[in-house]
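Report on the following structure.
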Amino acid sequence: MISIRECISESELISVRKKHIDFVSFEVEKRIDFYINLFEYLSYLQLHPKTRTETIKSKVNKIIHHSQYEPFIKIILINEKKFDYSNLKRIIKYKPGAGNLTIVINRLKKLKKISKSILEIDFSYGSLIKRRYYESRKLFFAPIDFLLKKIFDYENWFLNLEPNGVWGPYQLTEKLGLKVCSYCNRQYTFSLSKGKNKITRPELDHFLPKSGNPLLALSFFNLIPSCTICNRDCKGKINFNYQTHFSPYEQNPKHELIKYDYYPKTYLGSIGETEEFRIFVKNDGAKLDPVLKAKIDGNTKVFELNKIINEHKDIVQEIIKKRHISNDNYIDTLQKTFPEAKLTLEEAYRLAYGNFYGEKDFNKRPLAKLTKDIAVSIGSLKKYSK
């Protein structure tokens, strides 16, 4: 698990967040405006029940902001499959809650005023106050819950935006620049496209599930770039929250809240001749805070970190063996062997272990954290950490 904030500067993060929120909020507000106009017209229809169906259709089609008017309207009706404009005159045909026209209009107008703050809410700072605020807003907007999935439309709108457009999932993940899953630091998560053609990109995990939090379906800090294994196979439909699990957007200086270590089972395992050792996750960084420890343990369990990391014993074996055969001088040996190259510590480390030394670069190559943690643990970097 790595920290997104450690891999991207605060100014870059603010810039990406602004682009995302500016683009998404424009669409969200258009959808809110449509529903305000629609429900105000539905209020009119209750006072004019003899309005002709063709008149209703013509009027409604003028207030929609694009051609998807029927999918937007039918979600307020009990029978969505048999859509009929004449049913808009009959409040008995509405879904529960949709008939409370005055309340719905009131909530929609309130939502328009704070929709941008919902999209940019960040539970990483002042989390308790912000969680209480969000829970109060969630309760306040419960009467229009049947509209929220369409207003904050992740699946049918955001996911379908083209990679060569102004913004969308491809642009978001590309601008963040994370090439490796932030949950496991094991899988590459490139964002690649060719014109309108989608090639590949990271999954976007909803840290707080969108099924129970439709208000946050498009919120910037709720969209976590991740690999398919972590998002679908491990997490799946497990409900995360900020009391039980840890978000990659939360503060995690130098990614040290968890560390990888190993213990040998045999002498040959201890010198890197065999894979007779076991890799495990240490939660030392959070040991002084029981709540934080519980959150880190929650991630470790869900993402099967202790189990899956042992599929990479070959990497650890190589690190152990290099340390043994060089008597802790592998990096020194490289620097002295190629004096004209004037290798820095970072360069020699990368040649020695095939990965990045600096914590800010852990997002560039899989297993960067495992590699560094093991190299530190066995003492290969002891002389450089003083």
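Quick notes
- For the chain, the relative contact order works out to 18 percent when only alpha carbon pairs closer than 8 Å and six or more residues apart are counted.
- In Hz, Karplus ³J(HN,Hα) per residue of region 238-248 (6.51, -1.76, 1.60; θ = phi - 60°; x = Gly, Pro): 5, 7, 9, 8, 7, 9, 10, 9, 10, 8, x
- Kyte-Doolittle at least 1.0, axis length at least 15 Å by Cα - qualifying DSSP helices, the chain: none
- Heavy-atom surface analysis with a 1.4 Å probe gives the chain a carbon and sulfur content of 52 percent of its accessible area.
- The average projected area of the chain, computed from the convex hull of its Cα atoms over all directions, is 23.0 nm².
- Cleavage-rule hits, trypsin sites (Lys or Arg not before Pro), region 26-62, DSSP coil, Cβ neighbours within 10 Å at most 13: K50, R52
- Viscosity 1.567 mPa s, temperature 4 °C, Stokes-Einstein D of region 290-386 from Kirkwood C-alpha radius, µm²/s: 87 µm²/s
- Share of pairwise Cα separations in region 21-115, more than 21 Å, in percent: 30 percent
- Put simply, the convex hull of the Cα atoms in region 123-279 casts, on average, a shadow of 12.4 nm².
- Estimated from helical segments only, the mean residue ellipticity of the chain at 222 nm is -13500 deg cm²/dmol, where each DSSP H run of four or more residues counts as -39500 (n - 2.57).
- Distance between the 7 Å Cα→Cβ label points at Y263 and S136: 4.9 nm.
- Heavy-atom accessible surface of region 224-374, averaged per residue, reaches 51 Å², computed with a 1.4 Å probe.
- In nm, spacing of pseudo-spin labels at L192 and S58 (7 Å Cα→C-beta vector): 5.4 nm
- Each semi-axis of the equivalent ellipsoid for region 68-139 is √(5λ) with λ an eigenvalue of the Cα gyration tensor; in descending order they amount to 33, 13, 11 Å.
- Using only alpha-carbon positions in region 55-176, the gyration tensor eigenvalues give semi-axes of 30, 22, 11 Å once each is multiplied by 5 and square-rooted (largest first).
The values are calculated or read from the model by the stated rules, or taken from the named source; none is laboratory data. Only a predicted model underlies this, so the values are computations on that prediction, with no experimental measurement involved. For neighbour counting, all protein chains shown are included, and Cβ atoms are generated from backbone atoms with ideal geometry for every residue, glycine included. The accessibility values were calculated without ligands, DNA or RNA, using every heavy atom of the protein model including side chains. Shrake-Rupley method; radii C 1.70, N 1.55, O 1.52, S 1.80 Å.
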